[in-house]
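A short write-up of the structure that comes next.
The values are calculated or read from the model by the stated rules, or taken from the named source; none is laboratory data. Everything quoted here is computed from the prediction, not taken from an experiment. So basically every Cβ, Gly included, is an ideal-geometry build from the backbone, and we count neighbours across all protein chains shown.
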Amino acid sequence: MNDQIVAIVFEVIGYIGMALVVLSFFFQNIRWLRMMNTLGAVLCAAYGFMTKTYPTAALNLALILINMSFPIRWYAETRKKKRLAKKAEPSNEEKPEEAKEE
């Protein structure tokens, strides 16, 4: 009886993960797509390891790595834009005398 319950729990985890991966493609916002896809891939990878279907686990681990590379890129791009915006702003020393007096 316990083995049957464990098998059902494994299957449910796998189906939830699969549903999240599929549903993620309906999001128009790329960040939500990546987050939902990553969550589904985590569940599918767990399912793959629990059921010893290692190709499934490997595929989903690859998806997790791919999906996680994008937030890192977004963060780096945001920092770069902020740094460039700071450089573009004139400092108090560079402002004309008229602007300082106001």
Exercise. Which ones in the range 28-71 are farther than 16 Å from V12 by Cα and of a type in the set (F, W, Y)?
Worked result: W32, Y54, F70
For this session: Search the range 1-24 for residues that are more than 16 Å from L39 (Cα to Cα) and pair each with any residue that is exposed (fewer than 12 other Cβ atoms within 10 Å of the Cβ) and of a type in the set (S, T, N, Q) when their beta-carbon atoms are under 7 Å apart and the residues are at least 6 apart or on different chains.
Result: none
Problem set entry | Checking Y15 against (1) at pLDDT 95 or above; (2) surrounded by 15 or more Cβ atoms within 10 Å (Cβ to Cβ); (3) not charged (D, E, K, R), the condition it does not meet | (2)
Problem set entry | Among residues of the range 10-50, those that are of a type in the set (S, T, N, Q) and either part of a helix (DSSP H, G or I) or more than 23 Å from R73 (Cβ to Cβ) (or both), counted | 3
